[in-house]
Amino acid sequence: MKWIYILCSAIIMGLFASCYDEKALTPTEDGEGMSRYEFPQGTNAWDKDIEEIAEKFNVYLIYKDFTHADFNRSWTGSSLGIEYYGEDLTDEQAERATRFMKEHVFAYLNEKVISRVLPMYWYMAYDVHVLNIILPGILEFKNPQPEYNDGLDFWVICLEGEDPEDSGMMAGGDKIDFPITPRDFYLRRGGVLEHILLTSFDKGNIEIPASFETGFDYKTEVKSADWEVDDENYYLTRGFPGYPGSGTIGDGFKPLEYISQMSNIKNFQTYIKFCLYYSVAELDEKYPRSKYPLLREKRDFVANYFKTTYGVDFDAIIEGPEIGE
């Protein structure tokens, strides 16, 4: 009977895998697939942009007709009763959001790096947040969510929302405002692209070149205290950018305190973030080549490797497109 169980399991797994064909997303008759939404969702100029993105990158940008259930389809179910909320975009908001996705995200991607990375749907929603209810009516938190990337078949990006302090609950995060300054745009653009590139690496689309490991010592303990900056084992001198923060790209890097925190894989992932975080001018000021030659050599190596092998230009991502009206 064991072989029957194995055969049935294989058939079920095969059927599950076939539910998402990255080369052909077609409507289905069971309430899933594109039948969940009308696509395109309108006849505006930005709807044409969304269609073109779908044709090239196989992901559907959805900006309206959401239900509460749409934001809570997950692989693991709601955690500790936490649920996500979001609202449709107005036409003005949809136009802004689509322009951001087109000019600040997809302009820097290609089919090679996004293979098996993007979900079927990418929601562009207003005021996405989580409600944390500790004591109903007494201790409740509204937590704005700029991004959510753990949905069953979707990601969410929120570029603007209500001030959580106006909700009558305690604010569990800052108000989400549409980017205005070049720095604002960079932080949102860099954060989204960082997640995509690291996911692409995890999926095996991006490989670590064999020569990247040359010059790194993953055994000898590092130094990281301020008074050890001139020690030959100071982590920056050893070529390590540090330990990346767990939050957004704007969190930067923490000193690498223990060599056990680092491996060749972790170091390469850190360099992806490092390349996205600093422009060459900022590197020259903060990490001069004369003081940290290995760090700068490896940063140049990784940046050139991504540009020539995967068509990803870190310097162009940092610079960003010209910001229009």
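Things worth noting here:
- Region 285-300 residues that are outside any helix (DSSP H, G or I), paired with ones that are open to solvent by 20 Å² or more (accessible area, probe 1.4 Å) (beta carbon under 7 Å, 6 or more apart): Y292/T237
- Pairs, first without any contact (Cβ under 8 Å) to a residue 24 or more places away in the chain in region 202-230, second surrounded by 12 or more Cβ atoms within 10 Å (Cβ to Cβ) and among the polar types (S, T, N, Q), C-beta under 8 Å, six or more apart: K223/N233
- Matching residues, region 199-216, being in a helix (DSSP H, G or I) and either in contact with a His (Cβ under 6 Å, 6 or more places away or on another chain) or under 13 Å from Y310 (Cα atoms) (or both): S200, F201
- Test result for F240, surrounded by fewer than 19 Cβ atoms within 10 Å (Cβ to Cβ) and at pLDDT 95 or above: no
- All positions within region 258-283 that are of a type in the set (D, E, K, R) and either modelled with pLDDT of 95 or more or closer than 15 Å to L198 by Cα (or both): K266, K273
- Looking only at residues in region 181-194 that are more than 28 Å from L131 (Cβ to Cβ) and of a type outside the set (S, T, Y), the one that is most open to solvent (accessible area, probe 1.4 Å) is R183.
Yes/no matrix, rows are residues, columns are (1) loosely packed, with under 15 Cβ neighbours inside 10 Å; (2) in contact with a Lys or Arg (Cβ under 9 Å, 6 or more places away or on another chain); (3) modelled with pLDDT of 90 or more:
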residue: W75; (1), (2), (3): yes, no, no
residue: D88; (1), (2), (3): no, yes, yes
residue: H104; (1), (2), (3): no, yes, yes
residue: P119; (1), (2), (3): no, no, yes
residue: D127; (1), (2), (3): no, no, yes
residue: P136; (1), (2), (3): yes, no, no
residue: E160; (1), (2), (3): no, yes, yes
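- Exactly one residue out of Y310, Y287, Y234 is open to solvent by less than 70 Å² (accessible area, probe 1.4 Å), hydroxyl-bearing (S, T, Y) and within 18 Å of the chain's Cα centre (by Cα), and it is Y310.
The values are calculated or read from the model by the stated rules, or taken from the named source; none is laboratory data. Predicted, not measured: the structure shown is a model, and the values here were computed from it. Note that we place each Cβ from the backbone using ideal geometry, even for glycine, and neighbour counts take in every protein chain shown. We work out accessible area using only protein heavy atoms, side chains counted, and drop any ligands, DNA or RNA first. Shrake-Rupley method; radii C 1.70, N 1.55, O 1.52, S 1.80 Å.
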